[in-house]
Amino acid sequence: MSNRYASMALELTTPVDDERPVYVTGNFCEWFPDIDKFQMQKVEPGKYQFQFPPDFLFDQPIEYKYTRGGWDQVELDSFGEAPQNRKIRTKSVAQKDFVPHWRKDGRAFDTSLIPTVEVVSEQFEIPQLSRKRRIRILLPYDYKTSSKSYPVLYLQDGQNLFEDGSVYGNWEIDKKMAILTAQGKGNLIIVAIDHADEDRLHEFAPYANPKFGKGSGKKYANFIVRTLKPYIDKNYRTRPERRYTGVGGSSMGGLISIYAGLMYPEILGRLMIFSPSLWVSDKIYFDAIEFFNPMETKIYVYAGGKEGRFMIPSTERLKEAVERQGWSSNRLQLKLSVDPKGEHTEARWGKEFPKAVEWLFFDTH
């Protein structure tokens, strides 16, 4: 048996300082999450240390995680997901680790930080389309008790985004925003626009298509920018400038969000584009090539490898079309996130959502 870990120390830093103890668990203790001999010593608020004892014997590479006393209190990554097992690098005497977020009482989020949901209107007038639509708004948990003004993200397919969601699933953006809020990244208003049910594809199609006919996307994009945004800015404490205004969606909702961003660059400076249905019209690529915007813009595009063989290539083509204009990174940034195993589902878009929010609105680099 080997005692090569006898002099090893683990040093943990975490911004979440509470009264729960911290334990090291791993393959060396059959993954029991709360063994006393593997409890870490609290050095100072947010800092812990553990020294493997001199008589510690283990002849395999160590894999481990941190817990606060149970698997319902285990470490999480910045976006509330379970990270890969950590591994000891035996060349160093002290291994420094960081835990940004913890599960608490079995949840990845603090219920007190959940955004407040309000119905803006059950029958909001869309004069461009002579229709009415339910519009809801997610306000930061402390909106009523603060005087701050907030950036705004307008999202399509409101039925699929939070609370009970729909038959297709749920992005769980309310829970994801609570996770971000715990890390100081929740100062964001989200406006959720319900889709048009059976007319959804036609309403989101910006161009003529044999399957959808002419498409109403141009009028719908105009509604977001010329009707809905002015109303939200008037009735809520928003930061109305373009750099604090975003639009986003998935699939056809992603397509119309690209279109809106390209057509109204003076209004929309943040685009969240998940699995866009670029196959509906190649004209979007020409619009991207013609896209002219001397102001600072950020575009986050996500594509999954299990969404059909054209999804990743089409988003790569979009990225190339945008970047071909040669704008410097302080004018235009486009981030393409690709998951080879990603599927075309609400749950997968929900996992991508906090990553996109962080990069679009809170990443200052």
Would you list the helices (runs of 4 or more DSSP H) that sit entirely within region 225-334 and hold 1 or more residues that are at pLDDT below 95 and not aliphatic (A, V, I, L, M)? 252-263, 283-290, 311-323
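Name the residues in region 40-86 that are aliphatic (A, V, I, L, M) and either within 29 Å of Ile173 (Cβ to Cβ) or surrounded by 18 or more Cβ atoms within 10 Å (Cβ to Cβ) (or both), would you?
Restricting attention to region 40-86, the residues satisfying the condition of being aliphatic (A, V, I, L, M) are 40, 43, 57, 62, 74, 76, 82.
Matches in region 40-86: Met40, Ile62, Val74, Leu76, Ala82.
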Identify the single condition in (1) within 15 Å of Pro115 (Cα to Cα); (2) surrounded by 20 or more Cβ atoms within 10 Å (Cβ to Cβ) that Gln183 does not satisfy, given that it satisfies every other one. (2)
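With the structure loaded, tell me whether Lys298 is out of contact with any helix residue (DSSP H, G or I) (no Cβ under 7 Å at 6 or more places or on another chain) and either touching a residue at least 60 places away in the same chain (Cβ under 8 Å) or in the same structural domain as Ser251 (by TED's automatic domain parsing) (or both) or whether it fails that test.
no
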Residue pairs within 6 Å by beta carbon, gap of at least six or interchain, first lying in region 139-160 and at positive phi, second assigned to a helix (DSSP H, G or I), listed first then second, are Asp157/Gly253
Within region 316-354, the residues that are within 21 Å of Ser251 (Cβ to Cβ), among the hydrophobic types (A, V, I, L, M, F, W, C) and in contact with a strand residue (DSSP E or B) (Cβ under 9 Å, 6 or more places away or on another chain) are Leu318, Val322, Leu334, Leu336, Val338, Ala347, Trp349, Phe353
Evaluation of Lys132 against (1) over 19 Å from Glu203 (Cα atoms); (2) exposed (fewer than 15 other Cβ atoms within 10 Å of the Cβ) (one fails), failing number: (1)
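The values are calculated or read from the model by the stated rules, or taken from the named source; none is laboratory data. Everything quoted here is computed from the prediction, not taken from an experiment. Cβ coordinates were reconstructed from backbone atoms using ideal geometry, including for glycine residues, and neighbour counts include every protein chain displayed.
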